[in-house]
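Chemist: Shown below is the structure under consideration.
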Amino acid sequence: MNNSPRPLALVTGASSGIGVEIARTLAQSGHDLVLTARRAAPMDALAADLRAGGVEATVIAADLAADGAAARLADDLAGRGLTVDVLVNNAGLGGAGRFDRQDPVRVHEMVQVNIVALTELTRLLLPGMVARRRGKIMLVASTAAFQPGPRMAVYFASKAYVLSFGEALAYELRNTGVGVTVLCPGATESEFFVVAGADHSLMARKFRRMMPADTVARLGCGALAAGRRVIIAGARNRLMALAGRFAPHFLTLPVTERLMAED
Ligand SMILES: NC(=O)c1ccc[n+]([C@@H]2O[C@H](COP(=O)([O-])OP(=O)(O)OC[C@H]3O[C@@H](n4cnc5c(N)ncnc54)[C@H](OP(=O)(O)O)[C@@H]3O)[C@@H](O)[C@H]2O)c1
């Protein structure tokens with residue numbers, strides 16, 4: 001049961017990287033937290049830290065790649081009497097390599113976590129927000145959303161889905177009291193490139209000075225509070241996103257393939 005007067009934020013992918021920093025940032029701005037991801041240990045440590053600062057923090061371990069995971073998570077929240085005011089769909093993963101050579105299990109995970117769970121969780125928690133005429137939803141996309149990405153085709157396409165879905169949702173909901181913000185980070189310090197098998201790509205090596213995850217979180221949470229529809233994290237990333245969207249694809253396809261390929 002939400003016992004405290006503070007709004008409650010659910011952050012997916014709260015066991016590492018950007019999700020941890022979004023949880024910390026929301027706690028600092030007066031939210032209680034529900035943290036979810038597969039690994040409980042890092043979330044337990046984060047929750048203990050947040051509780052020491054007077055925040056109520058709940059950990060729910062869940063595999064969002066599993067069929068029906070979003071529904072089980074929503075049931076779990078309801079069973080605990082927890083009403084979510086802020087939903088942060090941050091969990092996500094990449095997979096590098098030519099599509100026909102990629103592990104089919106990884107392909108399934110990417111689609112399930114980046115697209116299916118994000119969509120289903122939003123569908124399940126949104127009606128309550130609309131009924132209360134109060135709520136905020138953050139969808140974490142990427143600068144990858146602005147162009148096709150050979151050698152990470154599914155990941156780039158999944159983020160294009162998130163951006164398109166989020167912008168449309170923000171517009172649909174404009175008079176409901178519920179705000180939707182799409183956060184588009186560029187290369188960010190986290191476990192992302194290692195998990196994606198892309199830590200030896202030119203992209204990972206070229207952008208050795210990636211944006212710190214706490215900076216991305218601060219920008220995203222600021223945009224969420226301000227009711228912005230889309231935020232691209234940082235001036236360099238804004239330029240890259242613009243180039244990805246407007247440059248002819250006969251130019252961007254080979255450049256992106258070069259950046260994502262193993263060297
Ligand atoms: N880092 C970048 O350069 C970058 C750039 C643009 C966008 N992004 C996006 O930012 C978001 C956060 O990524 P990150 O950079 O912070 O990477 P990260 O450190 O690898 O964190 C990914 C988070 O997603 C969770 N996750 C992955 N698979 C899951 C599953 N099956 N079920 C539940 N949770 C799962 C992970 O938790 P468990 O492993 O514990 O389950 C982890 O907490 C992602 O959506 C990513 O696409 C990242």
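The values are calculated or read from the model by the stated rules, or taken from the named source; none is laboratory data. Keep in mind that what you see is a predicted model, and the values were worked out from it rather than measured. Reconstructed Cβ throughout: ideal geometry from the backbone, glycine too, with neighbour counts over all protein chains shown. The accessibility values were calculated without ligands, DNA or RNA, using every heavy atom of the protein model including side chains. Shrake-Rupley method; radii C 1.70, N 1.55, O 1.52, S 1.80 Å.
Chemist: What number goes with the only condition from (1) more than 13 Å from the ligand (Cβ to nearest atom); (2) in contact with a strand residue (DSSP E or B) (Cβ under 7 Å, 6 or more places away or on another chain); (3) open to solvent by less than 50 Å² (accessible area, probe 1.4 Å); (4) part of a helix (DSSP H, G or I) that D76 does not pass?
Modeler: Here D76 meets the rest and fails (3).
Chemist: Give me a count of the residues in region 220-239 that are part of a helix (DSSP H, G or I) and open to solvent by 70 Å² or more (accessible area, probe 1.4 Å).
Modeler: Of the residues in region 220-239, the ones part of a helix (DSSP H, G or I) are 220-226, 235-239.
The next check asks that each one be open to solvent by 70 Å² or more (accessible area, probe 1.4 Å); those that pass are 225-226, 236, 238-239.
Selection size over region 220-239: 5.
Chemist: Taking region 130-162 on its own, how many of its residues are among the aliphatic types (A, V, I, L, M) and surrounded by fewer than 24 Cβ atoms within 10 Å (Cβ to Cβ)? First the steps, then the outcome.
Modeler: Of region 130-162, the ones among the aliphatic types (A, V, I, L, M) are 130-131, 137-141, 144-145, 152-154, 157, 160, 162.
So of that shortlist, the ones also surrounded by fewer than 24 Cβ atoms within 10 Å (Cβ to Cβ) come out as 130-131, 153-154, 157, 160.
Residues in region 130-162 being among the aliphatic types (A, V, I, L, M) and surrounded by fewer than 24 Cβ atoms within 10 Å (Cβ to Cβ): 6 in total.
Chemist: Residues T83, T119, T143: which one is more than 10 Å from the ligand (Cβ to nearest atom), among the hydroxyl-bearing types (S, T, Y) and within 14 Å of the chain's Cα centre (by Cα)? Before the answer, list the steps.
Modeler: Values: T83 fails: within 14 Å of the chain's Cα centre (by Cα); T143 fails: more than 10 Å from the ligand (Cβ to nearest atom).
Result: T119 is the single residue among T83, T119, T143 that is more than 10 Å from the ligand (Cβ to nearest atom), among the hydroxyl-bearing types (S, T, Y) and within 14 Å of the chain's Cα centre (by Cα).
Chemist: Restricting attention to region 52-62, does a residue exist that is in contact (Cβ under 8 Å) with a residue 24 or more places away in the chain, farther than 19 Å from V194 by Cβ, open to solvent by 10 Å² or more (accessible area, probe 1.4 Å) and within 10 Å of the ligand (Cβ to nearest atom)?
Modeler: Within region 52-62 (the criterion being in contact (Cβ under 8 Å) with a residue 24 or more places away in the chain, farther than 19 Å from V194 by Cβ, open to solvent by 10 Å² or more (accessible area, probe 1.4 Å) and within 10 Å of the ligand (Cβ to nearest atom)), the answer is yes, since at least one residue qualifies.
Chemist: May I pose another question? Only one residue in A71, A96, A66 is open to solvent by 20 Å² or more (accessible area, probe 1.4 Å) and either under 18 Å from the mean Cα position of the chain (by Cα) or of a type in the set (K, R) (or both). Which one?
Modeler: Numbers: A71 fails: either under 18 Å from the mean Cα position of the chain (by Cα) or of a type in the set (K, R) (or both); A96 fails: either under 18 Å from the mean Cα position of the chain (by Cα) or of a type in the set (K, R) (or both).
That would be A66, the only listed residue that is open to solvent by 20 Å² or more (accessible area, probe 1.4 Å) and either under 18 Å from the mean Cα position of the chain (by Cα) or of a type in the set (K, R) (or both).
Chemist: Another question, then. State which residue is least open to solvent (accessible area, probe 1.4 Å) when the search covers only region 202-219 and only residues that are at pLDDT below 95 and outside any loop (DSSP other than H, G, I, E, B).
Modeler: Within region 202-219, the first condition is being at pLDDT below 95, and the residues that meet it are 202-210.
If we keep only those that are outside any loop (DSSP other than H, G, I, E, B) as well, we get 202-206.
Working: L202: 41, M203: 29, A204: 11, R205: 83, K206: 133 Å².
Only one residue fits best here, namely A204.
Chemist: Checking the structure you have, find out if any residue of region 193-201 is away from the ligand (no atom under 12 Å from the Cβ) and part of a helix (DSSP H, G or I).
Modeler: Looking through region 193-201, none of the residues is away from the ligand (no atom under 12 Å from the Cβ) and part of a helix (DSSP H, G or I).
Chemist: Is there any pair linking a residue in region 16-33 that is without any contact (Cβ under 8 Å) to a residue 60 or more places away in the chain to one that is more than 15 Å from the ligand (Cβ to nearest atom) and among the β-branched types (V, I, T), with Cβ under 6 Å and at least six apart or on different chains, and which?
Modeler: Hits for this filter: A27/V55; D32/V55.
Chemist: Do the conditions hold for D100, that is, is it of a type outside the set (K, R), more than 9 Å from the ligand (Cβ to nearest atom) and at pLDDT 95 or above?
Modeler: Values: of a type outside the set (K, R): yes; more than 9 Å from the ligand (Cβ to nearest atom): yes; at pLDDT 95 or above: yes.
Taking the combined requirement at face value, the residue satisfies it.
Chemist: Within region 163-180, can you find the residues that are part of a helix (DSSP H, G or I) and open to solvent by 40 Å² or more (accessible area, probe 1.4 Å)? Explain how you work it out, then say what you get.
Modeler: Of region 163-180, the ones part of a helix (DSSP H, G or I) are 163-172.
Matches in region 163-180: S164, F165, E167, A168, Y171, E172.
Chemist: So which residues in region 1-38 are open to solvent by 10 Å² or more (accessible area, probe 1.4 Å) and touching a Pro at 6+ places or on another chain (Cβ under 9 Å), if there are any at all?
Modeler: S15, S16, I18, V20, E21, G30, H31, listed by residue number.
Chemist: Give just the number: which of (1) more than 19 Å from V154 (Cβ to Cβ); (2) surrounded by fewer than 17 Cβ atoms within 10 Å (Cβ to Cβ) does L253 not satisfy?
Modeler: (1)
Chemist: Next question, about the same structure. Report, by residue number, each residue of region 39-51 that is open to solvent by 50 Å² or more (accessible area, probe 1.4 Å) and more than 10 Å from the ligand (Cβ to nearest atom).
Modeler: D44, A45, A48, D49, R51
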